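Beneath this line is the structure, given in structure tokens, with notes to follow.
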Amino acid sequence: MRAPVCVGIAGGTGAGKSALAASLVQAFDAEQVLRIPQDAYYRDRGDQSAEVRAALNFDHPDALETELLVAHLVELRAGRAVDVPVYDFTRHRRAAETWRAAPRALVIVDGILALADAQLRACFDLRVFVDAPEDVRLRRRLERDVAERGRSAESVRAQFAATVRPMHARFVEPSRAHADLVVANASEFALAREALVARLRPLVG
């Protein structure tokens, strides 16, 4: 098996990274593609109380074990399977179990900071940044965190103001400069998906 083609998809919270990654997965045969969410690599803070964990800055690069994700991508590119962590957002902790990820022809990594780290960027053959206005991103963040992560609307808004917005300005938005392709979620999503599929298909086979 030849080395996988690795794609990194970054962008602000709620910009549409996951939707784009999922649509790319659907465009290829299941045995051809592997998707790894960067969120799975949040560090486990089991030595801290639930209250302290809930107040952590999850939008800073230090919140992620990027070195493990880089090591896993190196292994996948070498044709070896890896054990991907499972993160429990309701408890702000890693779960005890992991899932076994075998190398595939196409590996997709999506996350807000996927292009913010130089070593991680170097693992990608194609780097994509998904852009969306802040009001759209906040609305989507509210809908997701209340429905899927057991948060209150008030806590989501407070977190957005305290850490999400400033970390976006400090780390996420500047990473756009490293993208090979910038996608405007509101107007170019479908066209960008088709362009990405067309670009990747000859590489994936």
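Read the figures in this text as sums done on the coordinates, not as results from a lab. Here the structure is a predicted model, which is why all the values come from computation and not from measurement. Reconstructed Cβ throughout: ideal geometry from the backbone, glycine too, with neighbour counts over all protein chains shown.
The spacing between region 137-156 and region 1-58, judged by their C-alpha centroids, is 18 Å.
Dividing the mean sequence gap of close Cα pairs (under 8 Å, 6+ apart) by how many residues the chain holds gives a relative contact order of 34 percent. When the chymotrypsin sites (Phe, Trp or Tyr not before Pro) in region 85-156 are filtered for DSSP coil states and for at most 16 other beta-carbon atoms within 10 Å of their beta-carbon, the remaining sites are PHE89.
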